[in-house]
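Notes follow the structure.
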Amino acid sequence: IVYSGSTQGWIPLVDDDVTNETPQSYSADFLVIAGGGSGGGWTGGGGGAGGYRTSTQTLTQLTTITVTVGDGGAARTDSNTPSFGNNGSDSSISGSGLTTITSTGGGGGGGYNPGDSGAGPGRNGGSGGGGGGDVSQAAGSGNTPSTSPSQGNNGSASNSTDFNMGGGGGAGAVGGSTTSSSAGAGGAGTASSITGSSVTRAGGGGGHSSHGGGAGAGGAGGGGAGSQGVGSGVNGTANTGGGGGGMRDTGSSGTGGKGVVIISVPTANYSSTTTGSPTVTTSGSNTILQFNGDGSYTA
């Protein structure tokens with residue numbers, strides 16, 4: 001038994017009637033965000049945000065939850081062939097008796113290099129990358145593989161007439177459309193109050209603009225902006241799953257932001273048994289564990 005305070009008093013962890021032991025169970029909330037995709041190299045589209053999934057499940061005492069946090073996609077430079085951005089890595093939770101939740105890494109932004117004919121379209125992923133290249137190219141598809149509810153959105157296509165590249169999709173919105181004067185902005189992320197306050201995460205990366213137009217802004221929730229003219233894209237923000245910004249032919253594209261896994265449990269039931277050094281905070285009657293890297297929690 002543990003003493004939880006004056007309101008609930010002593011609470012049994014195991015109900016032992018001599019012949020049977022009944023493990024206690026309680027409800028927990030999960031937020032699982034994958035790593036974002038990097039922006040494309042050489043007239044690159046923005047990277048898509050990492051897949052964004054939530055879950056509420058029942059935990060049984062002594063069950064160990066294994067947490068995997070996906071890295072963001074690595075940057076591309078003008079010398080890389082192929083020049084499309086790299087996809088982010090998956091994040092997940094799993095454990096005995098639990099429904100495994102896997103969020104898919106964000107799709108890399110499309111790009112271009114001479115002789116690199118397959119580089120232009122955005123990559124598919126949790127959210128899709130924006131189209132890039134020297135001719136108009138399609139965006140990557142989000143929610144790939146399909147989940148319900150959807151884990152992300154499509155990027156937007158590039159506009160080669162004005163050399164403005166597409167924006168990466170975000171958890172909450174598709175990548176912004178290009179215009180004659182600007183590249184596509186990254187799609188907005190999604191807000192969650194699992195930590196006790198509203199925080200937006202998993203925004204898409206902005207596309208590159210080559211010919212005097214405006215660079216695509218990063219999507220709200222950690223998306224990195226694309227470059228304006230020659231230069232590097234902006235990195236997606238770490239532990240938001242934000243997509244990286246696209247670049248031109250000097251510098252590098254923005255890296256995808258690393259993912260994150262957050263678990264909220266009733267403080268009265270919190271065991272304090274963890275690995276991986278999560279950040280532990282409290283809000284109201286709940287204890288919140290934020291995993292910025294791999295680890296585990298034992299209920």
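Computed quantities for the displayed model
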read-out	value
FRET efficiency, Thr81 to Ser25 (Cβ-Cβ, R0 41 Å, nearest 0.05)	0.15
Table column - 3J(HN,Hα) (Hz), region 58-71, Karplus curve with 6.51, -1.76, 1.60, x for Gly and Pro	8, 9, 9, 3, 6, 6, 9, 9, 8, 10, 10, 10, x, 7
Distant-in-sequence amide H partners of Asp294 (H built 1.01 Å from N, under 5 Å)	Val69
Segment Thr63-Ser148, extension gain: residue separation times 0.36 nm, minus the distance between their alpha carbons	28.0 nm
Heavy-atom surface of the chain, accessible at 1.4 Å and reported per residue (Å²)	37 Å²
Solvent-accessible area, 1.4 Å probe, carbon plus sulfur percent, for region 161-236	52 percent
Gap separating the Cα centres of region 229-246 and region 148-196, nearest whole Å	13 Å
Note, ³J(HN,Hα) from phi for region 289-295, Karplus 6.51, -1.76, 1.60, rounded to Hz, x at Gly and Pro	10, 10, 9, 8, x, 4, x
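The values are calculated or read from the model by the stated rules, or taken from the named source; none is laboratory data. This structure is a prediction, so every number in the text was calculated from the model and none was measured. All Cβ positions, even for glycine, are placed from backbone atoms using ideal geometry, and neighbour counts span all protein chains on display. Accessible surface is based on the protein model in full, side chains and every heavy atom, while ligands, DNA and RNA are left aside. Shrake-Rupley method; radii C 1.70, N 1.55, O 1.52, S 1.80 Å.
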